[in-house]
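Have a look at the structure below before the remarks.
The values are calculated or read from the model by the stated rules, or taken from the named source; none is laboratory data. For clarity, every value in this text was computed on a predicted model and none was experimentally measured. Cβ placement follows ideal geometry from the backbone for every residue including glycine, while neighbour counts extend to all protein chains displayed.
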Amino acid sequence: MTNLTTIWTATRDDLRSRRERRAEDRRLQRELAAYSSPSDRAELDAILARHPADAVAPLEDILNRQRAA
C-alpha cells in the first residue's frame, strides 16, 4: 500500500506542477502580448539582446509565435 501511495503522491505532485507551469506560461504570454506596437517590440528586443541567448530563448519563442499569429 505504501508503494501505491508513493506513486499516487508523485503523480499528483507532477500534475500540480504541470498545471502551475501552464498557468505561468499563459501569464507570460499575456504580458508579452502587451508589447504590441512596433516601438514596444523594438524596445523589448533591445532589452532581450542584452541577455544571454539561452536565458531569453523561451521568451523569444513566445514572441516569434505571437508574431506569426
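Counting only residues that are under 19 Å from the mean Cα position of the chain (by Cα) and of a type in the set (Ser, Thr, Tyr), which one in region 1-52 is modelled with the lowest pLDDT? Of everything passing the filter in region 1-52, Ser36 is modelled with the lowest pLDDT.
A search for C-beta distances below 9 Å between a residue of region 52-67 that is more than 14 Å from Arg41 (Cα to Cα) and in contact (Cβ under 8 Å) with a residue 12 or more places away in the chain and any residue that is assigned to a helix (DSSP H, G or I) and of a type in the set (S, T, N, Q), counting only pairs 6+ apart in sequence or on different chains, returns nothing.
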